[in-house]
Amino acid sequence: MRIGFMVGILGGILLAHAGYATIQYRGMLKIVEEEFSRPPMNVVVELLLGLAFCIWAALAAPAKFRSIHPDSEENRIVSLPANLDFMIFNHRGKVFPCNAEYKLKK
Amino acid sequence: MAREGDRGASGGAEDDPPIFNAENLQSNIKSIHYSRTFLSIIGGVIAGIWGFTGLTGFIFYFLVMAAASFGLAAKAKFSICTYFDSWNRIFLDGIFGGLMSFVLFWTYPLKTTFW
């Protein structure tokens, strides 16, 4: 996630630089009184690079997707709550076969 | 046996609607929303600096959103059913909401750099 933020900031810096370069280019064209329609090629490359970095950051920085199936491996409820006062262990569940392979996830 | 986070309706024995972990689903939807909003803003800034006007700008926006949809599908390892309840979450949700942010951030750089 941190790398995602860094890449996003880098993309933003590239875009800011591209914007600044375009303003400078426009100023220069005003001096020579030429018409302009788009920024120069290197600015376009910089914009596309910034877009690529920002797309990557937008996908990497937010939280990872978590499975919505209740019986998937990452949704197992294996940790005991901190307050055991209301937990009852002497119930009918003791007749179920015990799966000794389940371990407590840290 | 009640499980933490289950909110789906469990109907009769036949035709059970799928039960899913609503907390995780909400987290996934929020994650998509952040991604799309950020990319709408970035797309607007790029469209403004590049000098797109009129329909070209909107086409650029939908191209960026299509790239974002593909990226989100890849992030979900192309198995949408594991992380979302429908395909629309990845491909349609948030596109028209982001359009307003796009237009807002499109007009400011366009005005600054070109007009």
Per the Kirkwood formula on distinct C-alpha pairs, the Rh of segment B:46-110 is how many angstrom? 12.9
Listing B:M65, A:M87, A:M28 by rising number of other beta-carbon atoms within 10 angstrom, fewest first, gives A:M87, A:M28, B:M65
List the residues whose amide H sits under 5 Å from the amide H of A:S67, counting only those 5 or more places along or on another chain, with H placed 1.01 Å from N in the peptide plane. none
For A:L51, B:L99, which order do you get if you count the other beta carbons within 10 Å of each Cβ and list the fewest first? B:L99, A:L51
Can you pull the one-decimal nm distance between simple spin-label points at A:A63 and B:I59, each 7 Å off the Cα toward Cβ? 3.9
Can you put B:E23, A:E46, A:E101 in order of Cβ neighbours within 10 angstrom, beginning with the fewest? A:E101, B:E23, A:E46
What is the ratio of the Cα radius of gyration of segment A:1-50 to 2.2 N^0.38 Å, with N the residue count, to two decimals? 1.40
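We did not get these values from a lab; they are worked out from the coordinates using the rules stated. Since we're looking at a predicted model, the values are computed, not measured. Don't worry about glycine lacking a Cβ; one is built from the backbone with ideal geometry, like all the others, and counts go over all protein chains shown.
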